[in-house]
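Notes follow the structure.
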Amino acid sequence: MTIKQISELLEATIVCGEDRKEHKIEMAFASDLMSDVLTLSDNNVMLITGLSNMQALRTAEMAEIPAIIFARNKKISEEMKELAIENDIIVLECRFSVFKVSGMLFNNGISPVF
Amino acid sequence: MHFEYQIEGGNFTRAGFASSEIKKMMKQLNVDMGVIKRTVVSTYEAEVNVVAHAFSGTIYVDLDEEKIVIQLQDQGPGIPDIDQAMKEGFSTASSAVREMGFGAGMGLPNIKRNADDFQITSEVNKGTNVKITMFFNK
């Protein structure tokens with residue numbers, strides 16, 4: 001699915017990376033535990049999280065995660081936005097829960113990492 | 001090439017800054033992306049550990065054509081039992097650290113898994129030294 005398709009499906013707002021709406025995502029991982037995210041060896045995995053802080057973005061940067069969905073209506077700060085832009089990380093904000101986001105993406109063909 | 005970065009204990013806003021700089025530098029040098037990822041994930045885990053547990057620390061980075069060596073030396077409580085600390089799931093992290101998305105006792109094992117060579121020494125009430133070595137053509 002493209003970022004555009006994902007944002008439409010989840011009624012999510014693209015906060016960063018509006019210019020990369022055609023970027024394709026095939027796999028996703030849902031976690032609020034960044035230590036778990038850092039163990040992933042796959043690249044091009046979308047992160048679904050409710051943890052809205054600088055470390056979520058830093059973790060994405062280190063783990064080569066191209067896009068993050070902040071679920072549970074979490075908003076990102078200006079500082080986080082700057083870090084996302086600096087590292088070309090696509091950021092979406094969504095009012096749905098992590099469970100609902102995960103289920104909807106799974107039903108639309110996004111694969112789990114394991 | 002030699003670089004140094006200071007780490008401030010407890011400052012989670014800045015945690016990851018040094019790892020980010022190392023990543024940018026390695027990308028500029030056209031190091032293999034897989035090696036970069038393993039290097040910065042290891043360094044970031046170690047950097048977060050210093051922020052989470054120590055008062056302060058310094059990262060020393062030495063880089064040549066074959067390898068990058070990253071040493072993190074901190075001033076802090078140290079680790080009484082390194083074997084126990086290396087076990088997945090063991091953690092002494094505070095609730096504040098857990099709220100940041102860390103402190104699940106996975107950092108040190110993950111560094112060991114990613115690094116080509118990993119050394120750790122520690123002295124209680126003094127601090128901990130972590131040395132990560134990554135080879136570019138392995």
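Bear in mind that the values in this text are calculations on the coordinates, not laboratory data. Bear in mind that the values here come from a model prediction, so they are computed numbers and not experimental data. Cβ atoms come from the backbone with ideal geometry, glycine included; neighbour counts cover every protein chain shown.
The mean number of Cβ atoms from other chains found within 10 Å of a Cβ in peptide A:35-45 is 5, as a whole number. As a size descriptor, the averaged projected area of the C-alpha convex hull of chain B was calculated at 7.5 nm². Per the Kirkwood formula applied to alpha carbons, chain A shows a radius of gyration over Rh ratio, Rg over Rh, of 0.91.
Between residue B:75 and residue B:94, the modelled labels are 1.8 nm apart [label points 7 Å from Cα along Cα→Cβ].
Average partner chain C-beta neighbours within 10 Å, per residue of A:51-62?
Details: counts 3, 0, 5, 7, 10, 2, 1, 13, 7, 0, 6, 15.
Neighbouring Cβ atoms belonging to other protein chains average 6 per residue here.
Using the Cβ atoms and a cut-off under 14 Å, what net charge is assigned to the surroundings of residue A:71, where Lys and Arg are +1 and Asp and Glu are -1? Don't skip to the end; give the middle numbers.
Numbers: positive: A:72, A:74, A:75, A:95, A:100; negative: A:11, A:32, A:93.
Within the 14 Å Cβ shell, the charges total +2.
Segment residue B:58..residue B:32, full-extension length gain: 6.8 nm, with 0.36 nm per residue of separation and the alpha-carbon distance subtracted.
Only Cα pairs under 8 Å and 6+ residues apart enter the sum, and on that basis the relative contact order of the stretch B:2-135 stands at 28 percent. Mean partner shielding of peptide A:81-90, defined as the number of other chain Cβ atoms within 10 Å of each residue Cβ, is 1.
Only helices enter this figure: runs of n ≥ 4 DSSP H residues, each worth -39500 (n - 2.57), summed and divided by the residues of the protein assembly as shown, yield -10000 deg cm²/dmol at 222 nm to the nearest 500.
According to the calculation over all Cα-Cα pairs in the stretch B:13-83, the P(r) per 10 Å bin from zero is 18, 50, 25, 7 %.
Tell me the net charge near residue B:78. Cut-off is 10 Å between Cβ atoms, residue B:78 excluded, with +1 for each Lys or Arg and -1 for each Asp or Glu. Mind dumping the intermediate values first?
Numbers: positive: B:126; negative: B:74, B:123.
Combined, the nearby Lys, Arg, Asp and Glu give -1.
Which of the helices in chain B meet the span-like rule: DSSP H, Cα axial reach of 15 Å or more, Kyte-Doolittle mean at least -1.0? Membrane-span-like by this criterion, though nothing is claimed about a membrane: B:17-28, B:33-53.
Please arrange B:61, A:101 by counting, for each residue, the other beta carbons lying within 10 Å of its beta carbon, fewest first.
Going from least to most buried by this count: B:61, A:101.
Every pair of different Cα atoms in the protein assembly as shown enters the Kirkwood calculation, which places the hydrodynamic radius at 18.5 Å.
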